[in-house]
Amino acid sequence: MKRNYNFLLLVLLLAFASCSFTAKKIDGDNDRDKLLIQLLTYVVEEGHFSPKAIDDSFSKNVYDDFLKQIDPFKRYFLKSDIKEFDKYKTQIDDQLKSYDVTFFNLVHKRLLKRQSESKSFYEEILSSPFNFKKKETYNSDLESLQYVSSKKNLKERWRQQLKFSTISNYHDILKDQEETFNTALSGEGTAKSAEKKSLQDIEQKARKQTLTSMNELFSFINERRREDWFSVYINTVVEEFDPHTAYLAPTDRDRFDFQMSGQLEGIGAQLQKRIDKISIVSLVSGGPAWRQNKLQVGDIILKVRQEDEDEAVSVVGMRLDDAIKLIKGPKGTKVTLTLKKTDGSIKDLTITRDIVEQEETYAKTSIVEKNNNKFGVINLPGFYADFKDYDKRNAAADVKKEITRLKEQGMEGLVLDLRNNGGGSLKTVVDMAGLFIEDGPVVQVRATDEPKQVISDKDKSIIWDGPLVILVNELSASASEILAAAMQDYKRAIIIGSKQTYGKGTVQQYIDLNRLVKKNKNGDMGGFKYTTQKYYRINGGSTQLEGVKSDVVVPDRFTYIDIGEKDQDNPLPWDEITPASYKKWDNYFDYDATIKASTQRMQKSEQLQLIDENAKWIKKIRDKNTFSLNYEQYKNNLTKNEKESEKFNKIINYQTNLSFKSLPYETALTKTDTILKEKRKRWHQSLSKDVYVEEALNVLYDLKTSYNIKKVARLKD
């Protein structure tokens, strides 16, 4: 307990002052790499929920995992390299303790050398035709691959991998040509389009496509600086503690902030680099660039000039991350982009930066009628919050607004869709739970060697006391699991979805590493996200590994795929603590009868039976790791798979008779925002094809019916 108390005191001190460590001084004059190791090892040993001993066993794990990270296809390093690396297999722990980076330096230097050699490999291999008549196979099982002993064998490995990529291109080009030819013969195409290319020309085009892809890959690799590779090494070290502990380099930290808050300051454009050109790939609806309506998808950025500078900076050939740093900036400032437009003209465009909100991060709402009842559907992608100003915007406040708007439209039941919701702010999920219960505990948290904390909703007001269904799947994690578990324990909602949710029962804390260094001369040190607590249901059980079990289990495409916490490396174990004191929801809903009726409907559903069969088929296809490099056999296997998959077309073509609509305030917005209008149109169409939403609405109807029946019966008594 003393260890955690001292570290908590340290963090509290840091929250109010910019200073170095109280318990241990960290000098910012140190080499950046050594400083990072010093910072991260100290924080993780002192603050992590379950710190591991950094010993020889730890060293071996880091060694193995780091090599897998940087050379997963075993197409860079030779056996001789691995033999040289092996002497450090049990020394990494000692190097970490002395802030020594000898092992990393050796591996990094050798990696750059091998990657440079590999470029000549793929260029030479792709300069000659592949023989697709030859009978040979490619094994994609990376775990079974061994490091090769010579460059000749390494080149052969590259040949097989490149041929596998090219045969796929070859098949696609042939298929497109055949479809074009058939269209022309039917009279719908032109005679020119019916001209068939030779197999030699098609093979050459397929190789060229593979070469382009490899050049783009190596362009990205060549952009990576030493600090980028060192971040991979550092993360390999800290991820040995658990899957959710991670070092966030400055650019990664910015992305993390955007994911958590849904906001950033900039122009609202997404960029992509191909070879040496940086182009616009999309505009964020409602952002500064979108509002100005002059920047277009496909425009290439040549130069960037700040408003207080006379000279523009060329971004041609620049790293994408560095170009983004130049373009983004504080709200109200201006940036001028020199653009090569899609018509070839060169133009300057000045954009005033602003707050960019990624609307797809936020809650969205629809209303639907079923059996003369109005029901609401709220899709929540994440439990977002603005950590700088919580009251400015957070998921709980947004959902509260949407429920109020739905009630104004006469809503009689609510579906809260948490599928694919990976979690977010702990405070936000507690506040959101309070929308559906009067007051009481929502979740329990515990740090190592410390008594548990019961985190409760203390606001007695209830925003929605009617029928509630929560949709989940295997990718519903963390805060999603807290809300689903609490509503299930209170018997406040019916959970519909996968057999279990993701199974992440841990809490992470974020710390800005720059605040922990005195007189830092090494630039932005980034941030660190590390596990400090585990959380537990109010019934005492953990969601770690086991997740939340749905009341009504329905199959989906993830059913047989290993994607949960239990399938990650180094997850913390499941355990349980004493329950909190709480009372189940007192209402007239007949949950047991409703769950039974829903389960029976699901078991009889042809659509769900087909989805389950499809999930098994997907598992079989994913598990296949041997592929023919003989085109006829390759084509026959694909044809067989395509024929097998045809029976699953019914899944895509499934259609309910339900019609979903936006709320009035959003309908008004779509009159001027064509992008939002199209997004909502597509979402509503997908809802009308969603068998899970359809069943959720059936459950809401059953709950409402049971409420009326039980209420009448109780009044008679």
Pairs with Cβ under 7 Å, 6+ apart, first in region 462-485 and under 23 Å from D590 (Cα atoms) and surrounded by 24 or more Cβ atoms within 10 Å (Cβ to Cβ), second acidic (D, E) and at pLDDT 95 or above: L471/D417
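Has region 52-70 got any residue that is within 15 Å of E143 (Cα to Cα) and part of a loop (DSSP other than H, G, I, E, B)?
The answer is no; no qualifying residue exists.
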Does D242 qualify as being modelled with pLDDT of 80 or more, under 30 Å from D567 (Cα atoms) and of a type outside the set (S, T, N, Q)? yes
Could you tell me which of the residues L264, L283 is closer than 24 Å to D673 by Cβ, surrounded by fewer than 21 Cβ atoms within 10 Å (Cβ to Cβ) and either modelled with pLDDT under 80 or under 29 Å from the mean Cα position of the chain (by Cα) (or both)? L264
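So in region 301-327, with the set limited to residues that are under 18 Å from W290 (Cβ atoms) and at pLDDT 85 or above, which one is farthest from the chain's Cα centre (by Cα)?
Taking the candidates together, the pick is I301.
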Only one of (1) surrounded by 13 or more Cβ atoms within 10 Å (Cβ to Cβ); (2) at pLDDT 95 or above; (3) part of a helix (DSSP H, G or I) does not apply to E124, and that is (1)
Can you tell me how many residues within region 376-432 are not aromatic (F, W, Y) and not in a helix (DSSP H, G or I)? 32
Could you check D439 against (1) touching a His at 6+ places or on another chain (Cβ under 9 Å); (2) of a type in the set (D, E, K, R); (3) free of Cβ contacts under 8 Å to residues at least 24 places away in the same chain and say which number it fails? (1)
Odd one out for E606, checked against (1) under 20 Å from V553 (Cβ atoms); (2) loosely packed, with under 14 Cβ neighbours inside 10 Å; (3) in contact with a Ser or Thr (Cβ under 9 Å, 6 or more places away or on another chain): (3)
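Confirm whether N372 is in contact (Cβ under 8 Å) with a residue 40 or more places away in the chain and surrounded by fewer than 23 Cβ atoms within 10 Å (Cβ to Cβ).
When the stated conditions are applied, N372 does not pass them.
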Single residue of region 561-576 satisfying the filter (in a loop (DSSP other than H, G, I, E, B) and buried (at least 16 other Cβ atoms within 10 Å of the Cβ)) that is farthest from the chain's Cα centre (by Cα): W574
Looking only at region 358-368, filter to residues that are touching a Gly at 6+ places or on another chain (Cβ under 6 Å) and not in a loop (DSSP other than H, G, I, E, B); which one of those is modelled with the lowest pLDDT? T361
Quick one: is R207 within 14 Å of S118 (Cα to Cα) and either modelled with pLDDT under 85 or assigned by TED's automatic domain parsing to the domain that holds L112 (or both)? no
Got a sec? Which of T342, T352 is of a type in the set (S, T, N, Q) and touching a Pro at 6+ places or on another chain (Cβ under 7 Å)? T352
Are any residues in region 210-224 at pLDDT 85 or above and of a type in the set (F, W, Y), and if so, which ones? F218
Restricting to region 525-559, and then to whatever is among the hydrophobic types (A, V, I, L, M, F, W, C) and part of a strand (DSSP E or B), can you tell me which residue is surrounded by the most Cβ atoms within 10 Å (Cβ to Cβ)? F528
For region 635-657, indicate whether the set of residues that are touching a strand residue (DSSP E or B) at 6+ places or on another chain (Cβ under 6 Å) and either closer than 30 Å to D551 by Cα or assigned to a helix (DSSP H, G or I) (or both) is non-empty. no
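The values are calculated or read from the model by the stated rules, or taken from the named source; none is laboratory data. Please read these numbers as outputs of a predicted model, since none were measured by experiment. When we count neighbours, we look across all protein chains shown, and the Cβ atoms used for this are built from the backbone with ideal geometry, even at glycine.
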